[in-house]
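Below is one structure, written out as structure tokens; the observations come after it.
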Amino acid sequence: MTCVAIIPARGGSRGVPGKNLRLLAGKPLIAWSIEQALAANCISKVVVSTDAPEIAEVARRYGADVPFLRPAELATDTAATEPVMAHAIDHLEQSGQHFDQVMLLQPTSPLRLPGTLDGAHHLFTSEQADSLLGVVENHHFFWRRTEQVEALYDYRARPRRQDLTESTRWYRETGSIYITKIDAFKASRNRLSGRISLFQMNEIEGWEIDTEIDFAVLDALFTKVPHAHR
């Protein structure tokens, strides 16, 4: 079974302008995901999908394949990720490159510990899943504003972390790792479908860059976690 890693990295960004090429712990942000993918035994090919020639140049320098530039309609603020994945898979297949699985790696979640990608892929295959997503355990209490303020937990019996059981634990999607069978993706046009597995990641891997504060936190975390460096 062959697996292609797709790393989507468009040139525009409102929250953190130029974030994909911005230095994080001494390297362009996108370089971390590329190097992690290249180091994983489970990945046959690493492809970066971008609309920006400058990102393509950096991605190639760090060892990724950039066989095309993404069309403008797939690089807008409102463009979903699934059409970007479909475009990349279609392009690869038209050039005679066929894969059984696709691993989506978001460059905005750059902190993945050694062995994480291979561990996720091992779970995916061992559970015979159709798709998989990376998660971290959630320890927060959530509320929402409706017509009446509503708690998403029983505040009358506030649970303690140590008392949680597997059936009462909540998990948060990290946005870092997704794996899906190519056939399942083509049928659903969604990164998640069919039999879905949850791959629990280390809590430190759950950070995602959406704001300047996120960038500063992750830069500090990379300094504190030397074994995150490849």
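Overview of results
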read-out	value
Helix 212-224 axis, angle to the chain major axis (alpha carbon atoms, nearest 10°)	90 degrees
The chain, relative contact order in percent, only Cα pairs under 8 angstrom and at least six apart counted	25 percent
Förster-model FRET efficiency, 45 Å R0, residue 2 and residue 149, C-beta, rounded to 0.05	0.35
For residue 40, residues with placed amide H under 5 Å, excluding near neighbours	none
Karplus-derived 3J(HN,Hα), 6.51/-1.76/1.60, for each residue of region 147-157, Hz, glycine and proline x	4, 10, 4, 10, 8, 9, 7, 8, 5, 6, 9
Karplus-derived 3J(HN,Hα), 6.51/-1.76/1.60, for each residue of region 94-104, Hz, glycine and proline x	5, 9, x, 9, 10, 10, 8, 9, 10, 10, 8
Of 127, 173, 147, the one that fluctuates the most in a GNM where the chain has Cα springs shorter than 10 Å	147
Accessible carbon and sulfur surface of region 1-144 relative to its total accessible area, %, 1.4 Å	50 percent
Helix 116-126 vs. the chain, principal-axis angle (Cα, 0 to 90°, nearest 10)	80 degrees
Residues with amide H under 5 Å from that of residue 2, placed H, sequence gap 5 or more	100, 101
For region 1-47, fraction of C-alpha pairs farther apart than 13 Å, in %	59 percent
Highest-fluctuation residue, 174, 78, 108 considered, GNM on the chain with Cα pairs under 10 Å	78
Farthest toward positive dipole pole in the chain [+1 Lys/Arg, -1 Asp/Glu at C-beta], among 115, 26, 87	26
Length gained when the stretch residue 139-residue 100 is fully extended (0.36 nm per residue, less Cα-Cα span)	10.5 nm
Cα gyration tensor, region 32-110 - rounded (a/c under 1.5), prolate or oblate	rounded
Highest-fluctuation residue, 28, 110, 53 considered, GNM on the chain with Cα pairs under 10 Å	53
Share antiparallel - DSSP beta bridges, the chain, percent rounded to 5	50 percent
For region 74-135: accessible area per residue (Å², 1.4 Å)	36 Å²
Modelled label reach - residue 195, point 7 Å along Cα→Cβ, region 101-133 residues with backbone N closer than 19 Å	101-103, 119-133
Entries of 45/186; 19/45; 19/186 with Cα pairs more than 28 Å apart	19/186
Cα-centred dipole magnitude for the chain, charges only on beta-carbon of K, R (+1) and D, E (-1), debye, nearest 20	320 debye
Where only C-alpha atoms are counted, convex hull volume of region 35-78 per residue in Å³	86 Å³
Charge-dipole axis of region 170-230 as Lys and Arg at +1 and Asp and Glu at -1 on Cβ define it, positive-most pick from 217, 204, 180	180
Interchain or long-range residues, amide H under 5 Å from residue 138's placed H	170, 171, 172
Cα→Cβ-extended label distance, 7 Å offset, between residue 223 and residue 211, nm	2.0 nm
Percent of Cα pairs exceeding the 25 Å cut-off, where the set is the chain	44 percent
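The values are calculated or read from the model by the stated rules, or taken from the named source; none is laboratory data. As the structure is a computational prediction, the values presented were derived from the model and not from experiment. All Cβ positions, even for glycine, are placed from backbone atoms using ideal geometry, and neighbour counts span all protein chains on display. The protein model used for the area step is the full one, side chains on, heavy atoms only, and it has no ligands, DNA or RNA in it. Shrake-Rupley method; radii C 1.70, N 1.55, O 1.52, S 1.80 Å.
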